[in-house]
Amino acid sequence: MPIAEAALDPAELGGKAAGLVRLAAAGLPVPDGFVITTRAYFDYLDEHGLAPRIERLLDDPEQIARLFAEHPLPDALVADVLEAYADLGEPAVAVRSSATAEDLPEASFAGQQETYLNIHTPLALLEAVRRCWASLWTGRAIAYRERQRLDPGTTHRALGIAVVVQELVAADAAGIMFTADPVSGDADLIEIDAAWGLGEAVVGGEVSADTFRVHGPSGTLVSSVIADKVVMTVRGRDGTHTRPVPARRRRRAALESGQAEQLAALGRRIADLYEAPVDVEWARRGDELYILQARPITAGTSRDRRPDPWNDSRHGHFLWTNTNVGEAMPDVLTPATWSMVQLFLHDVMATSSVPPYLSYGRVGGRIYLNLSVAATLSRAVGVKEKRFRELTEEVFGRIPDDLPLPLVDAPRLTILQSVAPVAFHVLRSAARDIRRLDRYLAAHPQLCVERRAQIDRIDDPAELARLWRTTILPEFHTVSWMLSAATRSSGISFVTTRQRLQRLVGDTDANAITAGLGAHSGELASLGLLDGLEQLAAGRIDRKTFNSTYAHRGPHEFEIATPRPGEDPHWIDEQLAQLDPDLSYRHLIENQNETRDAAWDRLTSSRPLTARSLRHQLRIWGTIARNRERARSEIIRYFWVLRAFALRAAELTGLGDDVFFLEAEQIVDALEGVAPDHDQIAAARAAYVSYRALPAYPTLILGRFDPFAWAADPNRRTDRYVEGGSAEAAEAAGTDGSVVRGFPGSAGTVEGPVRVLVDAAHGADLRAGEVLVTTVTNVGWTPLFPRAVAVVTDVGAPLSHAAIVARELGIPAVVGCGDATMRLRTGDRVRVDGSTGIVTVLEAAR
């Protein structure tokens, strides 16, 4: 039946085709095509006597697939299909399954049956039809139907499937649209995700898409976030392929504002047609918009659904900070990554919680630390609040005096009774592990290489599940314990030693003396990626060596859904192209070493006995810093193993990128044959997309925080949020608009033009001699530092990544400003004083 002429009969058309027929009848722009009805499918089963054989093989989907492969399509059907294809002009087409239990209000069945894109020969079309029919009987589809309890007596026997054949839109851009906010369910807000090429990369979550939000009643675009779109799906001679987006298009919007508003208007028409919120797949070719599919939103818009699912700030009145953890994990984390991060944090922060309150959590999908829990623990062991604020300033930044620090409501005796046994065990284990730390860290890189190779060789899902339980999980715990040992070996001296030095010689000389730690203990691992790139560029190492030694580090290194640099030759080539041999980091370190030696000479001349004592303490301090960095680097290396596990699980279960929207134990369950809840996956994906569309949250959050309400407030602050307070009331009186204040990160004063970057992927925009201004940096940003004349961050503290690396390289840095990226613009000329923590705008950009 031609789509434009078919009668609306879901029993013959299936859910997807019925929806397309309905859209076409309403005058919406649906690509031309035809439907092979369920009658053809049932005739095929009857001709070959397949129905009873399928019933007997429900526990063996592979055998069912062989039945379809072994039995040809009826001759009469072949003739009809090829005639309809010829009437279309034999273009490239999309061949899409359309089951009768699909796109229902109570269950979408999204992704349960197959779609084949860029089919462009008659023989390939016929084969795709047969494979679509067979996809009704995959293990995943069978389990999903049983879980949905669709008339248990006839679930399988009565189920039919149609096939939609449509002209494939040669899309310049494509994506998905929700006619109600996918997290809050707000029907007045339409969200559109867009990327270059065909829509596969967006629907599959392979690319960070542009996000446009349109106010439904007025049809006006209210916000847009333009992503760095690294890959796109394109047509090829033998199907579709993922290709890198050309550099000039990566940060260009895939939709113009008028096109986004036009698409939203189509979305409102479709929602009115269905009398319910819908999600829509769409494509754009030139200025023409096409609707590829629409279905009621089944996951994420029920009235009883929590509008903000990944938000621990709702659980009490606490003070949260993302300083320290926010630089390591700056993104909204996928559920798979978060579940693995929790395992890691449970090991390295075993003594940092007050049951039932953890010292870490998610706020709007992003990781934060609960300072209220930490302060409560400190109080329990006799540390007063003032002293707690002083001790945490180096790591978390200064907590403003006017910002209260509420405590967790827990009796002191209860806290001590719960924490003391854990602390005893952890300290005893740390004492044991620190003795074997060097040996363990030296062997760990090769272990990770071997484990990834072992994972790639596994073809049996159950075997991969066993490997997780018997090997991967224990190894992950072990490397986490090693970081715990490296951290706990210092006690609080890691903080107090530098503070004591500052009191003796001032910030400038303290920065100089604590930099250049490699003189005593070897280079910090934070510089490893930069060192490896310079060695690779100079031909001192090859790519294989670079990948095995350094390429596990990157700007999004904890997120297992993100490829490592070692998996992305394009990333490596970009970094090499940006290196300037005249700006070698080794030259910067040599200069900083001279500054360090001069500072030591001054201290030795004025206080020789103190200098001797401090030199010994700083040697220990440097070794601790090096061990912490090495252990942390090996944690990241093992996260590559975890990524390899997830990718292999995705292949063996057929989950694809859905695997990243399951927790670790759910992935293992899927490997062991437990069908995942695809509505839960859809809800998790929708939450992830919505959180990612928001700007980075404030560094300090006091009380319950609604990230969507905060983002919609034009007067929002990015340095802190106080529940119940207005942004205007919280502003400090008498603030000079030309001055941005933060923490002294690295001493020195320079002037230069500002370059604001939102992501390390935009690093090519940074020119030598510019002041790098960004939200937060981590190891993946380190290759940019030699080009920067200074570094300014919203998030950070004296012991944060930006400050440590800047001190090593002798680059002035001001960290933890809170709102530098909002108040400074690319092209502003500023003076950065890393000794006082002040950035002054000398001349605003025009």
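The values are calculated or read from the model by the stated rules, or taken from the named source; none is laboratory data. All values reported here derive from a predicted model rather than from experimental measurement. Please note: Cβ atoms are built from the backbone with ideal geometry, for glycine as well, and neighbour counts cover all protein chains shown. Each accessible area value is taken on the protein alone, full model and side chains, heavy atoms only, with ligands, DNA and RNA left out. Shrake-Rupley method; radii C 1.70, N 1.55, O 1.52, S 1.80 Å.
Which length gain, in nm to one decimal place, applies between T220 and D188 when the Cα-Cα distance is subtracted from 0.36 nm times their residue separation?
10.4 nm
Output the Cα-based Rg and Dmax of the range 573-673 in Å, rounding Rg to one decimal and Dmax to a whole number.
In Å, with Rg to one decimal and Dmax whole: 24.2, 72.
Helix-only mean residue ellipticity at 222 nm, the chain, DSSP H runs n ≥ 4 weighted -39,500 (n - 2.57), per residue, nearest 500. What is it?
-14000 deg cm²/dmol
Which of rounded, prolate or oblate describes the range 219-358 when judged by the alpha-carbon gyration tensor and an a/c cut-off of 1.5?
The shape class here is prolate.
Can you put R285, R564, R389 in order of accessible area, largest first, using a 1.4 Å probe?
Ranked from most to least accessible, the order is R285, R389, R564.
Which order do peptides 793-802, 418-427 fall in by mean Cβ count within 10 Å, highest first?
Top to bottom by mean Cβ count within 10 Å: 793-802, 418-427.
Find the centroid of the Cα atoms in the range 4-78 and in the range 357-394, then give the distance between the two in whole Å.
59
Classify the range 1-54 from the C-alpha gyration tensor, please: rounded if a/c falls under 1.5, else prolate or oblate depending on whether a/b exceeds b/c.
prolate
What is the sum of charges around K386, taking Lys and Arg as +1, Asp and Glu as -1, for the other residues whose C-beta is under 13 Å from the C-beta of K386?
+1
If you line up the long axis of helix 412-435 against the longest principal axis of the chain, both from Cα atoms, how many degrees apart are they, to the nearest 10?
80
List residues of the range 1-24, by number, whose backbone nitrogen lies under 18 Å from a label position 7 Å along Cα→C-beta of D272.
Residues 22-24 fall inside that zone.
For F42, F639, give me the order by solvent-accessible area with a 1.4 Å probe, most accessible first, ignoring ligands, DNA and RNA.
Sorted by accessible area, descending: F42, F639.
Please give the solvent-accessible surface of W621 in Å², to the nearest 10, using a probe radius of 1.4 Å with every protein chain present.
That residue has around 10 Å² of solvent-accessible surface.
Just to confirm the number: angle between the C-alpha axis of helix 10-25 and the first principal axis of the chain, 0 to 90 degrees, nearest 10?
On a 0 to 90 degree scale, this one is about 70.
Stretch L82-L67 to full length: gain in nm at 0.36 nm per residue minus the Cα-Cα span?
Extra length from L82 to L67 when fully extended: 3.1 nm.
So how tilted is helix 585-606 from the main axis of the chain? Cα-based, degrees 0 to 90, rounded to 10.
30
Tell me, what HN-Hα J-couplings in whole Hz come from the Karplus equation 6.51 cos²θ - 1.76 cosθ + 1.60 at θ = phi - 60° for each residue of the range 669-676, using x for Gly and Pro?
Once rounded to whole Hz, the list reads 4, 4, 5, 8, x, 7, 5, x.
Leaving ligands, DNA and RNA out of it, rank H120, H552 by accessible area with a 1.4 Å probe, largest first.
Listed by decreasing accessible area, they come as H120, H552.
With every protein chain present, what accessible area does E808 have (1.4 Å probe, heavy atoms only), rounded to the nearest 10 Å²?
Surface accessible to solvent at E808 totals approximately 10 Å².
Report, in whole Å, the centroid distance computed from the Cα atoms of the range 429-460 and the range 582-623.
Here the answer is 35 Å between Cα centres.
For the residue pair S584 and D59, what label-to-label distance in nm results when each label sits 7 Å from Cα along the Cα-to-beta-carbon direction?
Label at S584, label at D59, 6.8 nm between them.
If I take R0 = 25 Å and measure r between the Cβ atoms of D456 and E672 in this structure, what FRET efficiency does the formula 1/(1 + (r/R0)^6) give, to the nearest 0.05?
For R0 = 25 Å, the calculated efficiency reads 0.80.
Taking R0 as 22 Å, what's the FRET efficiency between D409 and D713 from their Cβ-Cβ distance, rounded to 0.05?
According to the calculation, E is roughly 0.15.
Label point 7 Å out from Q617 along Cα-to-Cβ: which residues of the range 393-414 have amide N under 18 Å?
Only 393-395 fall inside the zone, counting backbone N under 18 Å.
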